[in-house]
Each structure stands twice: as C-alpha cells, then as structure tokens.
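So the structure is just underneath, and the comments pick up after that.
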Amino acid sequence: MKKLEEKIRECGEVRPGNILKVDMFLNHQIDPGLMEAVGQEFYRLFKDEKVTKILTVEASGIAMAIETARAFGVPMIFAKKSQSKNIDPDVYATDVYSYTHGNTNSVRVSKKYLNEDDCVLIVDDFLANGEAMNGLVRLCEQAGAKVAGCGAAIEKGFQPGGKGLRERGFHVESLAIVDEMDGDTGLLKFRQQEG
C-alpha cells in the first residue's frame, strides 16, 4: 500500500535493534484517514472470506481493527492483556511474548464474543516474529472459530513471523513489507508488492 509506505518514509524512524518507530501516525498518535484507508485495503484483500469478526490485541491494533470492522460491517474484538472486573471470568486465554516490551502477557477474549460460528480476520499493526498473530490464532482455535486470514499494517519481512504463518497455510496480507532496515544508517527498504 503505497500510501502507508510513503507515510512510513516521511514520519517513521528506524532505530537500533530492528525497531521501526511509527507512533506519530500508527500506534500512539493515530492518523484517522490512514486508518480508514488501511481498513478499506484489508476489506479489498479479504472480502471473499465471509468474515464475521475482526480480532486484534490490545492496544496498538485497535484503530485499524475498528476501521476494518467498519469496512466489513462486522463487530471488532480486541484481546485484553489484563484481567479486570468488567471481563467475564469465562475466557479463552493464551500467553504472548512482546518483543517490543520484552515481556509476556496473558491475552484473553470472553467466550461470549468468539465461537465456532465465527470466521475471523486477525489484524495488527506489526508482524515481526509472529507472537501476537500466533496468539490470536490460538484464541480462535480454542473457540473453534475459522481464521479467515491475518492482516498486518507493517511486516518485517526479514523476521520469521509472516513466513511461519504462510507456511502453516494462513492467508497473510501485509500492507507494507520492510525487507531491510538499519538503525545506524536509517536504511529502510520495502518489498515490491502487486496491487
């Protein structure tokens, strides 16, 4: 998605440790117009999958998940990272390691909102090692729900997450794939994609 790649080049920051800082428009301060375009693009890519729910993880994927759900006309669910008094105790849960934060979170979704009748599109801001996406897949498996596919705004193509999901047979679409980046030089190279 050229619009996203241009925004990353304009506002993103490549930092040491394979960190791509895009909090100016994607996951801290949000560009609503860009999120709407992301949702429309995910709709274009997955519209034939009979999607009934959009699933993401708290919190960075929520903005794009809402716009994707709006495009599909279906509900959006986000897996919560902490137990609270307002979530039912009857949940699907799994542990997810966060490379960015360097910790493991137990993520959960109420059993009321995800079941075997659902066909779920999983979306998130980044796909790198695949921990979050695989955790969301596990939640769908626990519910008996079908995974329609996995959509990432940005994939780090030099890390194994996307490849692993594709090898498992999942339909994976990433709107911008970074094949190379270097925090010392600021190098940022995108993979050429069709469409």
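Per-residue Karplus couplings for segment 15-21, computed as 6.51 cos²θ - 1.76 cosθ + 1.60 with θ equal to phi - 60°, are listed in order as 10, x, x, 6, 9, 10, 8 Hz, Gly and Pro entered as x. For F190, the amide hydrogen comes within under 5 Å of the amide hydrogens of D179, counting only partners 5 or more places away or on other chains and with H modelled in the peptide plane. Structure note, pairs K7/K112; K81/K111; K146/K189; K163/K189; K80/K156: Cα-Cα distances above 26 angstrom occur for K7/K112; K146/K189.
Could you report segment 1-95's accessible area per residue, 1.4 Å probe, as an integer in Å²?
With all protein chains present, segment 1-95 gives 54 Å² per residue.
In degrees, nearest 10, range 0 to 90: what is the angle between the Cα axis of helix 62-72 and the longest Cα principal axis of the chain? Taking Cα atoms only, the helix is inclined about 70 degrees. Starting from the Cα of R70, step 7 Å toward the Cβ, then list every residue of segment 23-44 with an amide N under 20 Å from that point. In segment 23-44, the label zone of R70 (backbone N under 20 Å from the point 7 Å along Cα→Cβ) covers 24-44. Taking a straight Cα-Cα cut-off under 13 Å and skipping sequence neighbours fewer than 8 places away in the same chain, the aspartates and glutamates within cross-link reach of K50 are D117, D118.
Rolling a 1.4 Å probe across all protein chains gives L188 an accessible area of roughly 30 Å².
Kindly state, to the nearest 0.05, the FRET efficiency for E6 paired with N115, given R0 = 30 Å and r defined as their beta-carbon distance. Write out the running numbers ahead of the final one.
Details: r = 40 Å, r/R0 = 1.33.
In this case the efficiency is close to 0.15.
With each label modelled as a point 7 angstrom along the Cα→C-beta vector, the R166-E13 pair spans 3.1 nm.
Taking a point 7 Å from the Cα of F158 along the Cα-to-Cβ direction, the residues of segment 18-34 with backbone N closer than 20 Å to it are 18-23.
The values are calculated or read from the model by the stated rules, or taken from the named source; none is laboratory data. No experiment lies behind these values; they were computed from the predicted model shown. So basically every Cβ, Gly included, is an ideal-geometry build from the backbone, and we count neighbours across all protein chains shown. Accessible surface areas use protein heavy atoms only, side chains included; no ligands, DNA or RNA. Shrake-Rupley method; radii C 1.70, N 1.55, O 1.52, S 1.80 Å.
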